[in-house]
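FYI, it's all coordinate maths here, none of it is from the lab. Since we're looking at a predicted model, the values are computed, not measured. Backbone-built Cβ (ideal geometry, glycine too); neighbour counts: all protein chains shown.
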Amino acid sequence: MNQPQAIRLKRLDYRILETCIHCGMCLPTCPTYMATKNENASPRGRIAMMKAVASGELSPGGHFADEMYHCLGCLACQTACPADVPYGFMLEEARADVEASRVLATPARSFTRRMLLSHVFPSRVLLRGLGTMLWLARRTGLQSLALRTGLVRLFSRRLDALAPLAPPITRPFTAMGYRTPGNPNGPNVALLAGCVQDIAFADVNRDSVTVLEKLGCRVSIPRGQQCCGSLHAHNGELETARRLARINLDAIDPLAFDAIITNAAGCGSHLRHYARLLRDDPDYRERAEAWDKRVQDLLAFASTFPRLPESRAPRGARQRLTYQDACHLVHGQKIHAAPRTLLKALKEYEWIELPDSTRCCGSAGIYNVTRPEQARALGNRKIGDIRTTGADVIAVANPGCMVQLRALSREHNLPVRVVHPVTLLAESWQ
Amino acid sequence: MLRDGPGGSESHAMIRPGTIQHLISLLGRDRVLDADEQLIAYGFDGTATLRETPGCVVFPETTAEVSAILRHAHAEGMPVVPRGSGTSLSGSAVPVPGCIVLCTARMERILEVDADNLQARVEPGVRTAALNEAARVHGLFYPPDPGSMNISTIGGNVSHNSGGLRGLKYGVTRDYVLGLHVVLADGRILKTGTACVKDSAGYRLKDLFIGAEGTLGVVTEILLKLSPIPRAVKTMLASYTSIRDAAATVSAIIAHPVIPCTLEFLDRTTLQCVEAFAGIGLPVDAEALLLMETDGHPAVVEEEADVMMAIAREHGATDVKAAGSPAEAEQLRTARRSAFSALARRAPTVILEDATVPRNRLAEMVAFIQETADRYRLQVGTFGHMGDGNLHPTFLTDERDRDEMARVHDAFRDIFEKAVSLGGTITGEHGVGLSKKDFLPLVVDDTGSDLHRVIKASLDPRGILNPGKIFG
């Protein structure tokens, strides 16, 4: 288990690898294939390479590693796949093999990854420390200086390209240990605060509490919870992901709640698979199974309520509202209708569908940091699509996507409000 | 040709470093793939169990580049396997060991949509669905719609004479090709056909290259007919407790005579897999489903739909209903197109075939397929384009089980022999490729086989173009 040379892909069940019959139905939905028309950059091509690694025909080399990280992990191929190939799961295993093989290792990459994945994201103290630094800098008008000296430098040398992507920092952060005052009889739910969400979009967490309380829930934000580990699992650091999962399972007893609520698509897509992540851990597996059953995306959870709060009437002309499907909501969790049902019911807005709303915006976790050119090309297409809708507001349920769309709409002078759906609900529900 | 067959590093050695260098000088470094890791993804198409390792992959972007590549390959005697999106289902795009894979996917410009003449001129890498999107702006559409139309390319469609769901009313790819630019094996460029509906000048050379699976030349430009989008469409679904009743319905509709645009069939195994994927509420307890569609003038569509639904009920349909909206109809068509891939939920290896019979022999053929599966102890899912007699019996198996794979092969031989004895053919729309070349003599007689060889030898004397496919 701890041998660095053991190839994880070789331990996968034959049936998992052979589910792919390379029919090609995934190809038209894959952003990297459609941009390159190169099978190496396609889901079935990557799976073919994974199979070659699993069979020992190929050892993970530079091209293999490059393609595993060229993939956005948007999972559009999973939605398209009639054969139900678990591509995302296979990709996580393959990336872990890439990291173990160290073919991509350079001192700079290793440092950056260690700083981010091992120290910053898993540590609420460090994240908040960085957040406070940036928040202070912003308050004192020094945000751009802070960006050059702070968080961004950790990511990459391409400062000019990246600086606009760094999220604005909100204060105060989420109130850990919060419990709904009073004692209503509604569902008892735990809210996960997230890591980036907590420092960059604490308002989304506050709005989530508002929405849950308006639905009649008892809300807790349990202390001790940590980053969910999705960034780690998606980037080949499965051991760290497992450590974080155990911390969360220790902090929150799934049996004590009716639901464990997350408001970030990328986190939810990972949080619902703790049992698979901990499948070899007898101490935690059972608890993880109970956890998986209770984790729900906030929007999907809200849409199950038979009666929703009244939304306020429009003041003046209605604003045009559109919606981008966060990949890990629509492809990762198959949640498509719920956000639309909730948002279309808001009287303040005129609803308009975004063309190709299920295509990735290019944010893709930390992809817009690791592959800025490709991420930007996808982001620019998305901005073009949003422009055709004439929308005043675009809702998207993931912090990474919000960062990407805010930065690019600003750059393209597109006057659109980028907002989490839950914020619109919190504003509008009476 | 199974995965432990010849191939791998030994065959890779067949390509000469000088060839790679020459191709790089023609196309640039980024349009030639030659690292071992990069070649794995080009070892297969959409066909089960077939896999080989090419020597390199090239991405030409113009007819002149294709010509230069072939001139060099011809001079060097290097095999060349043309490829579009690699969704072919007979192994025609599977590389031969050490070959140059010539991928046309980046030749993807729609050169012209000529709405006045109901035509479009495209490069071979244009996706079938993309052509339809471009035509729709002008109120037109391109009727052939293979199951893989969202990614299949026009070049691939031409090379396989692809069909689709609308074949019985609208015909197949061959019926829409007016003209072609083809690069011959030695690099010469042939421009054949005109924009005229009528053209009796000389041999119809274009027909040689349609369905030739890239064995006679590389298609680099296609002039296609388009049709006006019908004003009305009605989509219906009929459920049956027996496959024979569904087949009898199809025969009765054709004999009535009504020519619907679509009469698609799914058996129970297939429809359960499709429903597991699509989740659109298909009746999973039915033994068979017919997806029926008629299009055209609104009044005619209403009348034909009524006739079709009545015939379905007369022939034992337990439930017949019309799609409530265009979106619902599109869901049904999309679900049908997923049938082959959805069957992969049941087994690691799915082997799909393409036996086709005259439409009045459908019930007999469908029953024979089931008997054959039982006789060989095999699990089968059958679906297909019943309206044009084109069935897709699909065996659900595991390629590691050599005994079962041998039984699959025998079962297919029985099925093909039966289809031919009923006046049918071994492939309606997928082509022969590698997987059916053993069976080609069932439908091509000795004289025909001689002509195949003569034509191949005169157009490709060194045998470099997709060698070993279809025959030989």
Do you know the relative contact order of chain A, to the nearest whole percent, from alpha carbon pairs under 8 angstrom that are 6+ apart? 14 percent
Reachable lysines from B:Lys206, Cα under 29 Å, same-chain residues fewer than 8 places away excluded? A:Lys37, B:Lys169, B:Lys191, B:Lys198, B:Lys225, B:Lys436, B:Lys437, B:Lys456, B:Lys469
Could you please rank B:Lys469, B:Lys225, placing first whichever residue has the fewest other Cβ atoms within 10 Å of its Cβ? B:Lys225, B:Lys469
If you take every DSSP beta bridge whose two residues both sit in the range B:70-131, what share of them, in percent to the nearest 5, is antiparallel? 50 percent
Which percent, nearest 5, of DSSP beta bridges in the protein assembly as shown are antiparallel? 70 percent
Would you kindly compute the Cα radius of gyration of the range A:261-413 and its largest Cα-Cα separation (Dmax), both in Å? 17.5, 59
Using only the Cα atoms of the range A:8-101, construct the convex hull and provide its projected area averaged over every direction, in square nanometres to one decimal. 5.2 nm²
Using the 2.2 N^0.38 Å rule of thumb for compact globular proteins, work out how the range B:153-236 stacks up: its C-alpha Rg over that value, please. 1.21
With Cα coordinates, the longest principal axis of chain A makes an angle with the long axis of helix A:202-214, in degrees rounded to 10, of 60 degrees
So what is the relative contact order of the range B:272-368, in percent, for Cα pairs below 8 Å that sit 6 or more residues apart? 35 percent
Using only the alpha carbons of the protein assembly as shown, what is the convex hull's orientation-averaged projected area in square nanometres? 39.4 nm²
Rounded to the nearest 500, the 222 nm mean residue ellipticity computed for chain B from DSSP H runs (n ≥ 4, each -39500 (n - 2.57)) alone is -10000 deg cm²/dmol
Least to most buried among B:Thr235, A:Thr210, B:Thr241, by other C-beta atoms within 10 Å and fewest first, runs B:Thr241, A:Thr210, B:Thr235
Bridge orientation stat for chain B from DSSP, antiparallel percent rounded to 5, came to 85 percent
From the Cα centre of the range B:14-57 to that of the range A:369-419, the distance in Å is 37 Å
In peptide A:15-22, what is the residue-averaged number of other protein chain Cβ atoms found within 10 Å of each Cβ? 6
Shape call for the range B:247-315, from the Cα gyration tensor axes a ≥ b ≥ c (a/c under 1.5 means rounded, otherwise prolate when a/b beats b/c, else oblate), comes out prolate
The alpha-carbon center of the range A:228-294 and that of the range A:301-361 are separated, in whole Å, by 27 Å
Run the Debye formula on the Cα coordinates of the range B:8-103, all scatterers equal and no solvent, and tell me log10 I(q)/I(0) at q = 0.20, 0.23 1/Å. -0.93, -1.21
Cα extents of the range B:412-472 per principal axis, largest first, Å, are 37, 22, 17
Between rounded, prolate and oblate, where does the range A:304-366 land on the alpha carbon gyration tensor, with a ≥ b ≥ c its root eigenvalues, rounded for a/c under 1.5, else prolate if a/b exceeds b/c? oblate
Relative contact order of chain B, defined on C-alpha pairs under 8 angstrom at six or more residues apart (%): 15 percent
Computed from the beta carbon distance with a Förster radius of 22 Å, FRET efficiency for A:Ser123 and A:Arg276 to the nearest 0.05 stands at 0.30
Histogram of C-alpha separations across the range A:184-309, 5 Å bin width, %: 2, 11, 22, 25, 20, 12, 6, 2, 0
Kindly state, as a whole number, the per residue volume in cubic angstrom of the convex hull around the alpha carbon atoms of chain A. 144 Å³
Taking the Cα centre of each part, how many Å lie between the range B:424-445 and the range A:103-122? 56 Å
Between 0 and 90°, nearest 10: helix B:268-278 axis offset from chain B longest Cα axis: 70 degrees
Out of A:Phe121, A:Phe257, A:Phe111, any idea which swings most in a Gaussian network model of chain A, alpha carbons joined below 10 Å? A:Phe111
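Which of B:Leu282, A:Leu244 comes first, and how do the rest follow, when ranked by fewest Cβ neighbours within 10 Å?
Ascending number of Cβ neighbours within 10 Å: B:Leu282, A:Leu244.
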How far, in degrees from 0 to 90, does helix B:326-337 lean away from the longest principal axis of the Cα atoms of chain B, to the nearest 10? 60 degrees
FRET E, pair B:His297, A:Ala35, Förster distance 35 Å, beta-carbon r, rounded to 0.05: 0.25
